[in-house]
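What follows is a short report on a single structure.
Bear in mind these aren't lab numbers, they're just calculated from the coordinates by the rules spelled out. What you see is a predicted model; the values in this text were computed from it and never measured. Cβ atoms come from the backbone with ideal geometry, glycine included; neighbour counts cover every protein chain shown.
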Ligand SMILES: Nc1ncnc2c1ncn2[C@@H]1O[C@H](COP(=O)(O)OP(=O)(O)OP(=O)(O)O)[C@@H](O)[C@H]1O
Ligand SMILES: [Mg+2]
């Protein structure tokens, strides 16, 4: 005999009806096929009822009501619970998780992914921000280098990993060149010092930059490598570069949701995504795919950056050249905050071509101000989730330093 999900039904095992706790213990063995953790641990078991004649009713809260894997969860629940003596029938009812339940489940899954990931050269104390977008040309690289520069001008040490292997542009935008050095089998990043403008007496900031552009002579050579080493290259950048101490690591991702993004999620599950989009509302649909990828790989979306927002003329007049509302619409759709609106500014583009990011060359321009505000927000308001191992490690480290000084 088979039930509607195709699972074989065995004759019930004799015995008195089990308690709801007995049932929950069995359910702990049901693994959510998407999040790879027990449905009990993920808080998906809403309710368990057992009637005196051994009929069990389990209410399972799904991440989304239409979850395509619900049939699989149901048959797993049924076969596990039927293994308990005294169970005569198992009924599975579906519900949908509340926002809060979902957040808790994702936090749990993220924590687990981090536990499972092999260590890389990126220290646990480094906050990783990956800059992503659904399509190309929306300003990921511009956001990466300017945000990195703005963070460094606060006296922070900031890594910049150009993970756009064949479309690398970070070296040109930051005006950094030269082959990467190395010692003892490890690659050393190229570095640029950035004056501390937040506290002029404070320590200077530092950018540590790694890009395919430092390994090949031109973009043509990089193209020839395409497919052969692409995902491996990012893996090597994470494993073989001696990154050392860094407050932040910013990763400029290639557009879309391909292998590089998935590899990053696997290797650095602590990464938080900044999703860049343009104000055109149509662009939002493509960007939503990035958020879907983030959910599937348990990455947290820290915020949406709308780039090329209205152009502010010297007269103060504003022009929405590329439309408006795209950033807000995307943020609402994926339940993430809209953290910045970077205006369209011709000098931003010029700064990229001359290797002087606008955040450093014209910090008081509208775009310059927007990047510095984004940096301040990330440092002060959008602090990493408390569960982040690096956070605790950093607090302990600071406490140790303070103790050593007294
Ligand atoms: N706010 C802005 N104002 C004016 N020009 C901008 C702005 N943002 C980006 N640009 C220009 O738009 C072009 C694309 O930007 P950028 O290279 O940063 O995008 P990208 O998303 O990294 O592109 P790709 O997908 O090709 O890597 C560049 O020429 C850049 O200088
Ligand atoms: Mg780019």
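Structure summary
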read-out	value
Theoretical FRET efficiency, 1/(1+(r/R0)^6), r = Cβ-Cβ of residue 353 and residue 289, R0 30 Å, to 0.05	0.50
0 to 90° range, to nearest 10: angle between helix 389-405 axis and the chain longest Cα axis	60 degrees
Ascending count of other beta-carbon atoms within 10 Å, so fewest first, for 372, 36	36, 372
Two-site FRET efficiency, residue 328 against residue 381, from Cβ-Cβ distance with R₀ of 25 Å, rounded to 0.05	0.85
Three-way shape call for the stretch 117-401 based on the alpha-carbon gyration tensor, with the a/c threshold at 1.5	rounded
Burial ordering of 289, 70, fewest other beta-carbon atoms within 10 Å first	289, 70
Order of 354, 144 under a 10 Å beta carbon neighbour criterion, fewest first	354, 144
On Cα atoms only, tilt of 283-296 relative to the major axis of the chain in degrees	60 degrees
Structure-based [θ]222 nm, the chain - -39500 (n - 2.57) summed over DSSP H runs of at least 4, per residue, nearest 500	-11000 deg cm²/dmol
Whole-Å distance, taken between Cα centres, linking the stretch 137-200 and the stretch 323-375	17 Å
FRET efficiency estimate (nearest 0.05) - Cβ-Cβ, residue 117 to residue 21, R0 30 angstrom	0.35
Shape call, the stretch 20-97: gyration tensor on alpha carbons, a/c limit 1.5	prolate
Gained length - residue 51 relative to residue 31, 0.36 nm times residue gap less alpha-carbon distance	4.7 nm
